[in-house]
Amino acid sequence: MTNADASTTSVGELSGLLASWRLHLEAANLSPRTIRAYTDDGALFAACLAGKGMPTVAASIRRKHVEAFIVAELERTAPSSAATRHRSLQQLFNWLDEEGEITGSPMVKMRPPIILSPPGRGAPSALGGMGKVTGDPSGACGDGGTRRERACRRTRPACGPGSPGA
């Protein structure tokens, strides 16, 4: 941090610590995309705190401040985006704890927001979308069953639907 930075940012200000966090993430050899996501989410959090008049010094941030940010994100974005920001902030607070900027993460027992499936989509398939979980041999592809059933027929033709061993 330069002297100019120190004059505009007080010691322990979250916004002033984000550059050091970026350096830490780069030293850990994380992907540029991950680094950008983490630091963008950290900057968004710092801006939200400042905009709502909440504490911006890392040691003063509590669980209720993080939860207020997550609620604001749930109102503004999709639940999956809010959950991603939750995980980014977990990494930030873990680093702040390791660096001695805080004495324990305010997110210790926090869970990410629940991501519900959009209406009409149902729960994700255990087969990764390759077939229905209902036992319908036609599967979602309509070409003779689930991925496992098709693989079975390719390697052991006698085990397919309608065969004597089925």
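Starting from residues that are in a helix (DSSP H, G or I) and of a type in the set (S, T, N, Q), keep the ones in the stretch 89-105 and report whichever is nearest to TYR38 (Cα to Cα).
Per the criteria, the residue is GLN91.
Screening GLU67 with (1) in a loop (DSSP other than H, G, I, E, B); (2) under 18 Å from SER88 (Cβ atoms); (3) not aliphatic (A, V, I, L, M) gives one miss only, at (1).
Scanning the stretch 71-94 for residues that are surrounded by 12 or more Cβ atoms within 10 Å (Cβ to Cβ) and either basic (Lys, Arg) or touching a His at 6+ places or on another chain (Cβ under 6 Å) (or both) turns up ARG85, ARG87.
Among the residues that make up the stretch 6-13, is at least one of them of a type in the set (Val, Ile, Thr), within 16 Å of ILE102 (Cα to Cα) and free of Cβ contacts under 8 Å to residues at least 60 places away in the same chain? Yes: one or more hits.
Condition first: modelled with pLDDT of 95 or more, small (Gly, Ala, Ser) and surrounded by 15 or more Cβ atoms within 10 Å (Cβ to Cβ). Can you find one or more residues in the stretch 28-40 that meet it? So far as the stretch 28-40 goes, yes, one or more of its residues are modelled with pLDDT of 95 or more, small (Gly, Ala, Ser) and surrounded by 15 or more Cβ atoms within 10 Å (Cβ to Cβ).
Looking at GLY131, GLY122, just one residue is surrounded by 15 or more Cβ atoms within 10 Å (Cβ to Cβ), in a loop (DSSP other than H, G, I, E, B) and at pLDDT below 95, and that residue is GLY131.
The values are calculated or read from the model by the stated rules, or taken from the named source; none is laboratory data. What you are looking at is a predicted structure, and each value in this text was computed from that prediction instead of being measured. Every residue, glycine as well, gets a Cβ built from its backbone with ideal geometry; the counts of neighbours run over all protein chains shown.
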